[in-house]
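Read the structure below first, then the notes.
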Amino acid sequence: MHGNFSKAKRAAPSQEEFHMNALRRTVMPILLATVWIGLSEFVRNEFLLKSYWTDHYENLGIIFPSEPVNGAVWGLWSLLFAVAIFIISRKFTLIQTTLLSWFVAFVLMWVVIGNLGVLPHGLLPIAVPLSLLEAFVAAWIITRLSR
């Protein structure tokens with residue numbers, strides 16, 4: 001009698017369903033992570049660390065770049081960081097993705113801007129843990145929503 005209760009076969013998804021599922025598992029996680037990264041960067045650099053940046057730049061005799069075009073570039077950076085996290089997350093665990101993406105985005109950036117003399121080193125004790133949190137939450141968003 002149990003043979004009569006076989007499960008009905010589910011029809012293969014249509015091409016439209018396939019594309020919608022792909023969008024849901026790629027574009028949405030990347031966009032949500034981009035929003036998180038952008039908000040995190042804005043709060044950290046405009047509210048928590050702004051004086052470190054402006055004082056350091058003033059001591060160098062230059063003005064800290066805070067025009068709308070600079071904000072747009074940071075928006076692009078946030079998107080690119082989210083895309084990198086998405087790609088890295090395909091091969092690594094959440095913690096590995098967090099640490100690798102943090103290293104690629106932040107440590108390399110700090111090395112470069114430190115070499116250029118425009119990194120205020122005093123902000124690192126605040127920036128390091130907050131940037132690790134930023135990378136972790138972005139990686140979590142992406143891994144959670146893309147699987």
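No value in this document is a laboratory result; all are computed from the given coordinates. None of these values were measured; they are calculated from a predicted model. Neighbour counts run over all protein chains shown; Cβ positions are idealised from the backbone, glycine included.
In what sequence do Y52, Y57 fall when counting other Cβ within 10 Å, fewest first? Ranked by crowding around the Cβ, least crowded first: Y57, Y52. Distance from the alpha carbon centroid of segment 82-147 to that of segment 10-54 works out to 14 angstrom.
Determine, from the Cβ-Cβ distance of L116 and L94 and an R0 of 25 Å, the FRET efficiency 1/(1 + (r/R0)^6), rounded to the nearest 0.05. After rounding to 0.05, the efficiency reads 0.15. Please name which of A84, S146, M109 has its Cα lying farthest along the dipole of the chain towards the positive end, using unit charges on Cβ (Lys, Arg +1; Asp, Glu -1) and the Cα centre as origin. Farthest along the dipole direction, towards plus: S146. Each of E46 and V69 was given a label point 7 Å from its Cα along the Cα-to-Cβ line. The distance between the two points is 1.9 nm.
The calculated 222 nm mean residue ellipticity attributable to helices in the chain amounts to -22500 deg cm²/dmol, summing -39500 (n - 2.57) over DSSP H runs of n ≥ 4 and dividing by all residues.
Calculated FRET efficiency, T54 and L23, Cβ-Cβ r, R0 41 Å, to nearest 0.05? So, using R0 = 41 Å, E works out to roughly 0.50. Each residue of the chain gets 141 Å³ once the volume of the Cα convex hull is shared out per residue.
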